[in-house]
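Worksheet: the structure to be examined is printed underneath.
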Amino acid sequence: MATNVHLTPELESFARACVEGGEYNNVSEVVRSALRLLKVQEDRKRAFDAMLSETVRETDESGARSADDVLERLDSIIETAER
């Protein structure tokens, strides 16, 4: 699918420098790479927003937790992840 993209002079210069530096074969690759990074960032933001919404919901239902309870749970999650 062909799509035209208009870049600011600064972004175009950066994209061309990436190509000239040998990191990418052409400006299209630079744009695709940037879009992949943007997608990752947006996915993380959505996941974080969902986590915040879930936390607010849990707090509304169960009340607030103490900092010690939260730290204990985080320690448990970290310990499990390290195994």
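Readers should treat all values here as calculations from the given coordinates under stated rules, not as data from a laboratory. The structure displayed is predicted, hence computed values, not measured ones. Cβ coordinates were reconstructed from backbone atoms using ideal geometry, including for glycine residues, and neighbour counts include every protein chain displayed.
Quick notes on this one:
- Inclusion of Val30 among residues that are in a helix (DSSP H, G or I) and not basic (Lys, Arg) is warranted.
- Scanning segment 46-66 turns up at least one residue that is in a helix (DSSP H, G or I), within 23 Å of the chain's Cα centre (by Cα) and under 30 Å from Ala2 (Cβ atoms).
- Residue check for Phe48: out of contact with any strand residue (DSSP E or B) (no Cβ under 9 Å at 6 or more places or on another chain), surrounded by 10 or more Cβ atoms within 10 Å (Cβ to Cβ), within 30 Å of Ser66 (Cα to Cα) and without any contact (Cβ under 8 Å) to a residue 40 or more places away in the chain: yes
- Scanning segment 25-45 for residues that are under 19 Å from Asn4 (Cα atoms), under 22 Å from the mean Cα position of the chain (by Cα) and of a type outside the set (D, E, K, R) yields Ser28, Val30, Val31, Ser33, Ala34, Leu35, Leu38.
- Here Leu74 passes the criteria (1) free of Cβ contacts under 8 Å to residues at least 24 places away in the same chain; (2) at negative phi; (3) not in a helix (DSSP H, G or I) except the one numbered (3).
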